[in-house]
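Below: the structure, in C-alpha cells.
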Amino acid sequence: MGAAGVSMTDELNRTAALIAEAKRQGLTIIGAHVEGMARRAQGAAPGDNSDEMSIDAVMPLSNLMVVRQDGNEDKRFTVISANKRIPLTLFEKNMELGDVLTGVFGR
C-alpha cells in the first residue's frame, strides 16, 4: 500500500465508507479471510499488522464470514462470530471457495 501512496488509515476509511454504502443499499457483506495463520501472524512483511487491522474493520460489520480453516487456529473468527452473531463458514482449501459461495447464493 505504501508504495502505491495509500496509507492504512486511508484504506480503512475507504473500507468503512464502502461498508456503509453497501449497508445503505441493503447489500450482503461477506467478510473473507483466505490466508492461513502464517499470513495473519507475520503480515505481508515483518512488523506489518494490516491484516489484523483489516479483520477488525470488516469482520464485525459483515453479514457472513467466510474463512479458511487454518486462518482460524486461534479461534479469532469464531469469537467474532459468536459475539456479533454473524454466521461463520469455514473451508479447508481455497479451491472450495467457489462451492462455498455457490451455497451462499444458491447458484
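Taken together, the values in this text are just the output of simple stated rules run on the coordinates, not laboratory data. Being a predicted model, the structure only gives us computed values, none of them experimental. Please note: Cβ atoms are built from the backbone with ideal geometry, for glycine as well, and neighbour counts cover all protein chains shown.
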Mind listing whichever residues of the range 10-30 are loosely packed, with under 11 Cβ neighbours inside 10 Å and charged (D, E, K, R)?
Glu21, Arg24
Filter the range 55-99 for residues that are of a type in the set (Gly, Ala, Ser), under 13 Å from the mean Cα position of the chain (by Cα) and part of a helix (DSSP H, G or I); the one that is farthest from Glu11 (Cα to Cα) is Ser81
